[in-house]
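Undergrad: Sharing a structure with you now.
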Amino acid sequence: MNIFSKYFDSHPEGMLLVTLDGRILETNPFGKELLGIDTLEKSNLNWNDFLSKGSEQEAQFFESHKHQLENRFEIELKKLNGNPFWAEVAISQPIQLPKENFILFVRDITENKFQEEMLHFQAWHDSLTGLLNRKRMTEILGGKIKQGVSGYLCYWDLKNFERLNRDYSHNVGDKVIISTSLKLHSLLPSNSILSRFGSDQFLVFLEGSTAEQCMEYISNTQLLFDIPFVIGDLIIHLGVATGIAKVVPGNHLSDILFQAESALKEAKKSESSHFYFFEESLLKKIELESRIFSRLPEALAKGEFTHFFQPIYSKDSRTLVGAEALVRWREPSQGYIPPDQFIPFTEKTGFILSLGSYLFEKACKTLGHWRSLGFQGKMSINLSPFQIPFAMTAEYLLDILNQNKLTGADIELELTERFLIQEGKALTDWFQSISALGISLSLDDFGTGYSSLSYLKSFPVQKVKMDKSFIQNIDSDPGKQALVSAILGLAEAFGMQTTAEGVEHERELLYLSHLPIDFLQGYYFSRPMPEEDFPSLFSK
């Protein structure tokens, strides 16, 4: 026993000599320090006094762990003063001791446990918002679906978030993400789960909710996003889109996520609504689009892409001064497909480079032919941002113009306002090379972005086209009248010409006729027409 006593006293872990019923007979110095014990002489302490769990575990401690003799296990304990800590405990019954006595080896692992929990938290949570991350959310959803739960899955996405990061900084973007998580969480029903599923995407699972309850959550949360984000001195308006999929027992997680993401894409396309409930008909639409879009290279090779042309008139003389080339896809099984349905797909896949060059060359060839028939107007050609600057170099443009006996003054390239503001400063050399060719630049859909003409004067833009949403019903809308008047005043000050597009009614034309607008186009004059019909406008 003398050797055992020396080992007991000097062991660098807490050692407790206890009876079968948990009474502590002796502790070594490390054990006293660990448990906060000053003396055992009058304390009559019991091992159960240091267990943090319930009475059932206290009563069954040795019974439940006796099979773990000499093996270590983790357990939550408390010191004599009540402070909790995590310990690694091993039970031993040396042959030197009576059968009713045990030795407990106790080591404080609170710090290790904390580090483990931190690593565990970091592995399962988003570091910026503290919400569940994509991996953990997927695991939880998969488990609940296997359990047969039902409800609705809402896929949220911030609109124009990438642009926000470019215009300001990632620091501002991070604060918007944090604020978004708080908005979504503030109205979250009980038993629901929220996660940050991507950069600016959030996934909400409304467990057990009905369609009405889901719609109530979406509507109420949408009201919060109508309130702008206030980040320091910045006031930022960002909309959200939501795709909703119903979760029913028997569904596969991958299918539900696909449905929610597909619904989100539809919501982002819609101009009238910010949310979309998935429905089976959408699958057929997606399947059809996938099948059709896979034909793009074949369609280009077969010449299925063509132009329709919309005439542009001088406001004052009402004479024909130009034509805007508008691409159409003459798909054999679907008929004419407008560009807003397939151009985004070509941009995502990079096919826009081949298609854009083909369309530019085709438009120039058409203009060269019309020149031989007496047409003196310009050809206005839309460019995708993805074509600039590498696919539309000055050398390439000049070569195509020369092939069709044209000059730079014969064409006008249309760019979007949003592209110019986002990428314009990085394209100074390209702008200079285009100007050197005599090619004019027009800014399409002006007023729908976030720029101002005072900013645009930094670029060689000769014309702005006011978006049709400002022109429609302008004769009866004071707000639109004020906006158009302001744009025209600034355009005149900076020496820019202006076009009003989307003129559809005579009352709109009458109102615009009194304004200093240079050019007009819209359905009032003519809808876009096939190439073979357009010469009738100038060969009379």
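Undergrad: Please give the per residue volume of the convex hull enclosing the alpha carbon atoms of the chain, rounded to a whole number of Å³.
TA: Measuring per residue, one finds 236 Å³ for the Cα hull of the chain.
Undergrad: Calculate for the chain the 222 nm mean residue ellipticity that helices alone would give, adding -39,500 (n - 2.57) per DSSP H run of length 4 or more and normalising by residue count, nearest 500 deg cm²/dmol.
TA: -12500 deg cm²/dmol
Undergrad: Okay, moving on. Compare the peptides 109-119, 297-307 by average per-residue count of other Cβ atoms within 10 angstrom and give them in order, highest first.
TA: 297-307, 109-119
Undergrad: Given the pairs Lys159/Lys378; Lys268/Lys463; Lys175/Lys465; Lys159/Lys465; Lys183/Lys348; Lys175/Lys480, which are separated by over 27 angstrom at their Cα positions?
TA: Correct reply: Lys159/Lys378; Lys268/Lys463; Lys175/Lys465; Lys183/Lys348; Lys175/Lys480.
Undergrad: Oh, and also: Given R₀ = 41 Å, what would the calculated FRET efficiency be for Ala436 paired with Tyr358, taking r from the Cβ atoms and rounding to 0.05?
TA: It comes out at approximately 0.95.
Undergrad: So if each residue of separation counts as 0.36 nm, and I subtract the Cα-Cα distance between Glu26 and Arg107, what length gain in nm does that give?
TA: Gain on extension, Glu26 to Arg107, equals 27.5 nm.
Undergrad: A further question follows. Would you mind counting up the charge near Cys364? Only other residues with Cβ under 11 Å from its Cβ, with Lys and Arg at +1 and Asp and Glu at -1.
TA: +1
Undergrad: Using only protein heavy atoms and a 1.4 Å probe, report how much of Asp410 is accessible, in Å² to the nearest 10.
TA: Ignoring ligands and nucleic acids, Asp410 comes out at about 30 Å².
Undergrad: Gain in length, Leu283 to Phe390, computed as 0.36 nm per residue apart minus the alpha-carbon separation, to one decimal in nm?
TA: Between Leu283 and Phe390, full extension yields 34.9 nm more.
The values are calculated or read from the model by the stated rules, or taken from the named source; none is laboratory data. Everything numeric in this text was worked out from a predicted model, so none of it was measured. Note that each Cβ is placed from the backbone with ideal geometry, even for glycine, and that neighbours are counted across all protein chains shown. Surface accessibility is based on the protein's heavy atoms, side chains included, excluding ligands, DNA and RNA. Shrake-Rupley method; radii C 1.70, N 1.55, O 1.52, S 1.80 Å.
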